[in-house]
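In what follows, a single structure is set out as structure tokens and then discussed.
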Amino acid sequence: MNVPMANQNNRKISILGLGQMGRKLAQLYADAGYEVTVWNRTPGKTNKLSKVQVADTAEHALLASPLSVVIIANNAGVNELIGGLSDRQILKDKTLINFTTGSPAEADALEKSVTEAGGAYIHGSIQASPDQLGAESVAIVSSGNTTAFDQYREALTVIGTKLRHLGDKASVCLAMDIATTTWMYGAFVGLIYGATFARQHGLDLKDYAAIIGDIAPDYTDFFKLEVGIMDRGNFQDAQNPVSLHIPIAKRMVEAFKEANIQQDFSNIVLDIFSKTEQKGHGAESLAAISKIIAPQS
Ligand SMILES: NC(=O)c1ccc[n+]([C@@H]2O[C@H](COP(=O)([O-])OP(=O)(O)OC[C@H]3O[C@@H](n4cnc5c(N)ncnc54)[C@H](OP(=O)(O)O)[C@@H]3O)[C@@H](O)[C@H]2O)c1
């Protein structure tokens, strides 16, 4: 993909929010030769930052650069920040990239207010901790104004090089955040239940961890296959019919009961599989559980 060269204007950036993430971002941009203006609600967070200009208000920070990054505790705060501007027109022709974690509805509302003021809004999600920022491996997922994203693509690569822009709707990025967190927590809860069961049966947890590491890549392929089946809506080409997994889930419930381990997790799995079969989808691929979770999908 063509990457537009950053011109002088593209090398000015304001960072609003100097928590752990914002401070690290500000220093990265300053070290990369950007003209950096910073602002934080509580003054005095700029010590240890070098080569940055400090704005005394959010308004001054937004005015200082064509591109502003907001990264604060929550989007209620971002709302307050925008709502507190003396004149929304300050945002005209400016690009705001908001890396604050939140809900899709919050991104929708912020996109509306920035766009109505004539600005470009992008919501981003940085998939890394403060210490990792700037490493090539850091992934940034974003959505919102694609023209602005293309314009500032190079600026984003200062934070990380794995960029994935998900289109023009800002809320999609935060929906992705919730979706991937759901996947991760689902897998994580299963992981720890499995470890608890394994330990009760004398399996060394070091071996458990190693085996999980060995089989995880193949399961990742299986997950991608099943999401693909759901995407195409062709549940009939079942290599993994729901009915095949019901006895396995029943065995899991029984094993946990015998081991006197709390059964909430195994019961949920069996319940979802069973409901899918009762609705007549037993011969379909395991991804058919989506028809129970959200019947309209
Ligand atoms: N830390 C991570 O590993 C990580 C990774 C990815 C994404 N994130 C996301 O990045 C965002 C910032 O995280 P962080 O770790 O930098 O947080 P943090 O260290 O706790 O800092 C929070 C920042 O938010 C500011 N703030 C809070 N409420 C505000 C308001 N109403 N108006 C203006 N500023 C306000 C604070 O300002 P004061 O100094 O005035 O209190 C502070 O600068 C969060 O949305 C977080 O989910 C964090």
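The values are calculated or read from the model by the stated rules, or taken from the named source; none is laboratory data. Everything numeric here is computed off the predicted structure, so don't read it as measured data. Every residue, glycine as well, gets a Cβ built from its backbone with ideal geometry; the counts of neighbours run over all protein chains shown.
Kindly indicate whether Met230 is free of Cβ contacts under 8 Å to residues at least 60 places away in the same chain, of a type in the set (A, V, I, L, M) and closer than 20 Å to Gly186 by Cα. Spelling it out, it is not the case that Met230 is free of Cβ contacts under 8 Å to residues at least 60 places away in the same chain, of a type in the set (A, V, I, L, M) and closer than 20 Å to Gly186 by Cα.
Residue by residue, here is whether (1) modelled with pLDDT of 95 or more; (2) assigned by TED's automatic domain parsing to the domain that holds Gly22 holds:
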{"site": "Asn145", "(1), (2)": "yes, yes"}
{"site": "Arg153", "(1), (2)": "yes, yes"}
{"site": "Ile159", "(1), (2)": "yes, yes"}
{"site": "His165", "(1), (2)": "yes, yes"}
{"site": "Thr181", "(1), (2)": "no, no"}
{"site": "Ala195", "(1), (2)": "yes, no"}
{"site": "Tyr208", "(1), (2)": "yes, no"}
{"site": "Gly213", "(1), (2)": "yes, no"}
{"site": "Phe222", "(1), (2)": "no, no"}
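Remark: pairs (first residue in region 171-188, of a type outside the set (S, T, N, Q); second residue in a helix (DSSP H, G or I); Cβ separation under 6 Å; 6+ apart in sequence or on different chains) = Leu174/Pro104; Leu174/Ala107; Ala175/Pro104. Contact map, region 11-25: first residue closer than 14 Å to Leu81 by Cβ, second residue more than 9 Å from the ligand (Cβ to nearest atom) and assigned to a loop (DSSP other than H, G, I, E, B), Cβ cut-off under 8 Å, separation 6 or more or different chains; pairs are Ser14/Ala55; Ser14/Ser65; Leu18/Thr46; Leu18/Leu49. The condition of being within 13 Å of the ligand (Cβ to nearest atom) and part of a helix (DSSP H, G or I) holds for Val78. Only a single criterion out of (1) in contact with a Leu (Cβ under 8 Å, 6 or more places away or on another chain); (2) in contact (Cβ under 8 Å) with a residue 24 or more places away in the chain; (3) in a helix (DSSP H, G or I) is not satisfied by Val253, namely (2). Of all residues in region 38-52, those satisfying the criterion of being surrounded by 17 or more Cβ atoms within 10 Å (Cβ to Cβ) and more than 11 Å from the ligand (Cβ to nearest atom) are Leu49, Val52.
Residue-wise test of (1) touching a strand residue (DSSP E or B) at 6+ places or on another chain (Cβ under 6 Å); (2) of a type in the set (A, V, I, L, M, F, W, C); (3) part of a helix (DSSP H, G or I).
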site	(1), (2), (3)
Ile246	no, yes, yes
Lys257	no, no, yes
Gln262	no, no, no
Phe265	no, yes, yes
Ile272	no, yes, yes
Lys275	no, no, yes
Lys279	no, no, yes
Ala287	no, yes, yes
Ile292	no, yes, yes
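Given the criterion closer than 30 Å to Gln200 by Cβ and surrounded by 16 or more Cβ atoms within 10 Å (Cβ to Cβ), identify the matching residue among Phe235, Phe256. None of the other options fit; the residue is Phe256. Answer yes or no as to whether Val69 is at pLDDT 95 or above, under 18 Å from Gly102 (Cβ atoms) and in a strand (DSSP E or B). Judged against the criteria, Val69 is a match. Restricting attention to region 25-37 and to residues that are surrounded by fewer than 22 Cβ atoms within 10 Å (Cβ to Cβ) and within 16 Å of the ligand (Cβ to nearest atom), the residue that is farthest from the chain's Cα centre (by Cα) turns out to be Gln27. A single member of Ala179, Ala187, Ala210 is closer than 24 Å to Val253 by Cα and in a helix (DSSP H, G or I), and it is Ala187. Scanning region 83-110 for residues that are surrounded by fewer than 23 Cβ atoms within 10 Å (Cβ to Cβ), outside any loop (DSSP other than H, G, I, E, B) and within 15 Å of the ligand (Cβ to nearest atom) returns Gly83, Pro104, Glu106. Residues in region 55-75 that are aliphatic (A, V, I, L, M) and within 9 Å of the ligand (Cβ to nearest atom): Ala58, Val70, Ile71, Ile72, Ala73. For the residues Gly282, Gly228, the requirement of being of a type in the set (Gly, Ala, Ser) and either within 17 Å of Phe197 (Cβ to Cβ) or surrounded by 15 or more Cβ atoms within 10 Å (Cβ to Cβ) (or both) singles out Gly282.
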